[in-house]
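Enquirer: Mind having a look at this structure? Questions to follow.
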């Protein structure tokens, strides 16, 4: 069951900010990737922001910036492209987006329920935490996304 995550909405709730920074986005990516690592779940994290670029794949987490329109529009469009939209769970606190996703056939989950479902992220001394290519993340968030 794939999760589609409304990135800016999750940042707003987790970091208590209406204007997320690149640092907020990196922190959210790190947190979600860390929590998913211990599960078999997969997620696509959609952000508003710089258009396009190839998706960044971090194992069970993929980060996407839509090439046109908003992240909300990209989430709904991706649901409608799927053969089995009922298998998709959209995580958002945005009521309007949740309604659009349900109308397209997906299920919705509140951010607090998502965080509860995936527990706390592993601590720094956790032996299960694999190494992360920080340089790749730095290039990605600096705008070097390999657009070609």
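Enquirer: Filter the range 70-88 down to residues that are assigned to a loop (DSSP other than H, G, I, E, B) and farther than 19 Å from residue 56 by Cα and give me whichever is nearest to the chain's Cα centre (by Cα).
Expert: 88
Enquirer: Of the residues 66, 50, which single one is in a loop (DSSP other than H, G, I, E, B) and buried (at least 18 other Cβ atoms within 10 Å of the Cβ)?
Expert: It is 66.
Enquirer: Please enumerate the residues belonging to the range 28-47 that are part of a loop (DSSP other than H, G, I, E, B) and either touching a residue at least 24 places away in the same chain (Cβ under 8 Å) or closer than 14 Å to residue 8 by Cα (or both).
Expert: The answer is 37, 38, 39, 41, 47.
Enquirer: Does residue 57 satisfy the criteria of being within 17 Å of residue 2 (Cβ to Cβ), surrounded by fewer than 13 Cβ atoms within 10 Å (Cβ to Cβ) and modelled with pLDDT under 95?
Expert: The answer is yes for residue 57.
Enquirer: So, one more: Among the residues of the range 7-25, are any modelled with pLDDT of 95 or more, outside any helix (DSSP H, G or I) and surrounded by 14 or more Cβ atoms within 10 Å (Cβ to Cβ)?
Expert: No, the conditions are met nowhere in the range 7-25.
Enquirer: Can you pull out every residue in the range 89-112 that is in a helix (DSSP H, G or I), in contact with a strand residue (DSSP E or B) (Cβ under 8 Å, 6 or more places away or on another chain) and under 18 Å from residue 11 (Cβ atoms)?
Expert: Listed by number, the residues that qualify are 97, 98, 111.
The values are calculated or read from the model by the stated rules, or taken from the named source; none is laboratory data. Here the structure is a predicted model, which means the values were calculated and not measured. Here Cβ is always computed from backbone atoms with ideal geometry, including for glycine, and neighbour counts include all displayed protein chains.
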